[in-house]
Amino acid sequence: MSKTKLLSRIGQKASQNPMRVDLELYYEAEENRYQPKENPSGKIAMNVAENHLCWEMLRERIQKITRENDIPEWVASYTDPAGAPTFREATAAFLSKFLTKIHLPAESLAFSGGATSVIEMTAFLLGNPGDTAVIPAPAYPVYTGDIGALPGLKRFDLQTHQELEELNSGVSITAELLQKAKEEIEESGSTFRMLILTSPDNPTGMIYSQSQLEILADWCEHNEIHLIVNEIYGLSRIDISHPDLRQDYPQPIEFVSFGKLMAERKSPWLHLWYSFSKDLGISGFRIGLLHSYHEALISGYRNAGLGHSISNYTQWVMQEVLKDEAFMESFIQKTQERLTESYLIVVNSLRENHIPYQASYGSLFVWMDLSLFLTDESEKAEQELWLEIYQEIGVLLTPANGFGHQKRGLFRMVISGVDHPTLKEAMGRIQKFCQSKKETS
Ligand SMILES: Cc1ncc(COP(=O)(O)O)c(C=O)c1O
């Protein structure tokens, strides 16, 4: 008998579906990592959304805290499963100052181990198995598993555009488009339960304007559909006023946190996700949170959330870090400066090679169009090109197949996981690859 038969239905599915298709190659690339002197022909993994831009700054701070302070009593015991009270207070103050720019009450927060866990918990508490979450494409591939594997929700990839340039003045997600999706979902026997937006977006780096968020919130509230904005990249913003970048933003959109609109409306239909994995570059700490004025949702989260809670030690360390506003201010500023430098290295090289890319407002990515090099418009050709890039030049991009977008040949590059010299090396290799492709075509 096959060993998977010993598992539940969910267990069988989980044993056969890797969380992402590029993980094996990621581990392989990391084993043979590029080093300018010791391993100049090594691989450069640029597929996993890590932010290593300012880790040394944070590490120093954390080490100082753990060296100079006794661990408080409460750390060794159970605490509120939705987050230790002092940690909730410290995070609420941090988010109010830096992200939402408006007071955010600590009682409106519920924490779990990373945004992954928060997404799963939220989907579980708001949706019934078989319900649908609508997400504008392209979007984070792992949403599918987060909302699907345990909560049993389906993902609907809403196509808002075909070509990159159509995104230049914003994501054209309209009430008409949502209405059409709603009808389609209902015809298939499911319920449109939630709309998930990511701002800044993964992979495009696009953001939603305040007026757009207002229109979408109106529509969702009117139709009794939950609107959740994932601001996991909310502080990882590019300086779009940089003289070398300005030209890419003829009609710049201003970033305004969804938290502001939520504070004005206090609606049970509006929610926000955040995590420390990206902006603070500590994906390994596993800290994510839901912000909502829906009291029953927060209570449900608390009652069902112990299995997902964050270690008290982690909460204590991070509350001490967050309390130092001056440090957080300089940390965020430094991260944004370095992120903008990384972004410039990448887009300057893409411009030289005439490779189209999406002008980004934030996130850790550049979303580029390599469709010119596809042998045909199929997923197979896209997969082959992705592998060819890895095998020929040792640069591992994120494959595009899980992003749910209709156009083939777009790839995501993570720009914050390697230092600037390594990023330049990667771009040099991509340049050579493009030139040789153009010569042979
Ligand atoms: C949009 C989005 N949501 C959630 C996550 C998962 O974050 P975490 O590490 O906090 O679970 C990621 C990670 O890449 C992401 O890009």
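DSSP beta bridges fully contained in the chain are about 45 percent antiparallel. Note on the range 69-197: with neighbouring protein chains present and a 1.4 Å probe, carbon and sulfur make up 52 percent of its accessible heavy-atom surface.
The range 101-149 and the range 333-350 have their alpha-carbon centroids 29 Å apart.
Among 283-292, 49-58, 173-182, how do they line up from the highest to the lowest mean number of other beta-carbon atoms within 10 Å?
283-292, 49-58, 173-182
Probing with 1.4 Å while keeping every protein chain in the model, the per residue accessible area of the chain equals 44 Å².
When the helices of the chain are scored as -39500 (n - 2.57) per DSSP H run of n ≥ 4 and the total is divided over every residue, the value at 222 nm lands at -13000 deg cm²/dmol.
The values are calculated or read from the model by the stated rules, or taken from the named source; none is laboratory data. Bear in mind the structure is a predicted one, so any value in this text is a computation, not a measurement. Note that each Cβ is placed from the backbone with ideal geometry, even for glycine, and that neighbours are counted across all protein chains shown. Just the protein is used for accessible areas: all its heavy atoms, side chains included, with ligands, DNA and RNA removed. Shrake-Rupley method; radii C 1.70, N 1.55, O 1.52, S 1.80 Å.
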